[in-house]
Every structure is written in C-alpha cells, then in structure tokens.
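Below is one structure, written out as structure tokens, with a few remarks after it.
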Amino acid sequence: MIKMSQSARHFVETGFPGIRACAVWAENGEGADFFEFKAGARFPLHDHEGPEQLLVLSGRIRSDDLVLTAGDYLMMGPGEVHEVEALEDSVFFSPHKGGVVLIADRKSFT
C-alpha cells in the first residue's frame with residue numbers, strides 16, 4: 001500500500017520551464033506522478049512507450065485540441081503523439097506504463 005498526503009508531496013524541477021513533478025512511485029517501468037504546470041508552461045511534442053492517464057486536479061490544460069479542466073480524465077496510448085500546455089496554473093495526476101519519448105530528439109526517459 002502506498003499513501004501520500006497532499007502535505008507530503010515534494011515537487012522537483014523537471015528541466016522544462018514552469019513544470020515540476022512529484023513521483024509517487026516507480027517500479028519496473030511503471031509509475032505515477034503529480035505534475036504542477038505554471039500558466040503557459042508547455043511539455044513538448046512527445047509519445048509514450050505505454051499507456052498514460054491524466055486526471056486534472058486543478059486548473060486547465062490543453063493536450064493538442066482537447067481542453068481539460070478539474071475533474072477531467074484522459075488516457076493516451078503509444079503512438080498518440082501530443083504536447084501539453086497549461087492554460088492556467090494546473091495540477092494533474094498521471095499514472096503511466098513506460099517512459100516518455102520526446103519527438104524532437106527521440107530521447108526516452110521515465
């Protein structure tokens with residue numbers, strides 16, 4: 001069992017301006033993270049090695065043509081190339097299997 005209270009979340013810089021992450025767990029290529037995006041922050045065009053889910057907790061984000069607000073859920077699989085932009089300060093939760101592949105340089109990271 002894994003429990004993480006909101007007060008226990010420790011966000012770290014990701015190297016992408018305005019985006020911080022808090023890992024909940026990671027094991028054998030699977031994991032779950034919280035992400036904070038400042039308004040205007042953008043995660044570049046990317047793909048996933050396995051399914052990724054997003055549950056927006058606060059704010060508004062855009063994934064390509066879809067705008068998601070608090071309470072909205074989205075699931076994407078491998079081959080669904082997209083970018084993510086915060087339309088306002090936002091927090092979302094993202095369970096995933098496998099890493100992310102940036103399209104510009106085809107680097108993979110988890």
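Bear in mind these aren't lab numbers, they're just calculated from the coordinates by the rules spelled out. Given the structure is predicted, the values throughout are model-derived calculations rather than measurements. So basically every Cβ, Gly included, is an ideal-geometry build from the backbone, and we count neighbours across all protein chains shown.
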Query - Rounded to whole Hz, the Karplus (6.51, -1.76, 1.60) HN-Hα couplings of segment 3-12, x for glycine and proline - result: 10, 9, 6, 4, 5, 8, 5, 10, 8, 10
Query raised in the report: How high is the FRET efficiency from ALA104 to SER5, r the C-beta distance, R0 35 Å, rounded to 0.05?
Result: 0.45
**Report entry** In sequence order, calculated HN-Hα J values of segment 50-56 (Karplus, 6.51, -1.76, 1.60; Hz; x Gly/Pro)
**Finding:** x, x, 10, 10, 10, 10, 6
Report task. Report, in whole Å, the centroid distance computed from the Cα atoms of segment 33-84 and segment 1-22. Result -> 16 Å
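What is the calculated FRET efficiency for GLU13 to ASP65, with r their C-beta to C-beta distance and R₀ = 35 Å, to the nearest 0.05? Provide the component values of the computation, followed by the final result.
Working: r = 29 Å, r/R0 = 0.82.
Given R0 = 35 Å and the Cβ-Cβ separation, E is 0.75.
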Requested in this report: Hey, can you grab everything whose amide H is under 5 Å from the amide H of THR14? Only 5+ residues off in sequence or another chain; H modelled, so Pro and N-termini drop out.
Outcome: ILE19, ALA21
Report task. List the residues whose amide H sits under 5 Å from the amide H of GLY98, counting only those 5 or more places along or on another chain, with H placed 1.01 Å from N in the peptide plane. Result -> GLU30, GLY31
Query raised in the report: Once Cα Rg over 2.2 N^0.38 Å is worked out from the coordinates, which option in (i) 1.00; (ii) 1.14; (iii) 1.04 does it equal?
Result: (i)
**Report entry** 5 angstrom amide H check on SER58, placed H, neighbours 5+ away
**Finding:** VAL91
Requested in this report: Please state the charge dipole magnitude for the chain, taken about the Cα centre, from unit charges on C-beta atoms (+1 on K and R, -1 on D and E), reported in debye and rounded to the nearest 20.
Outcome: 300 debye
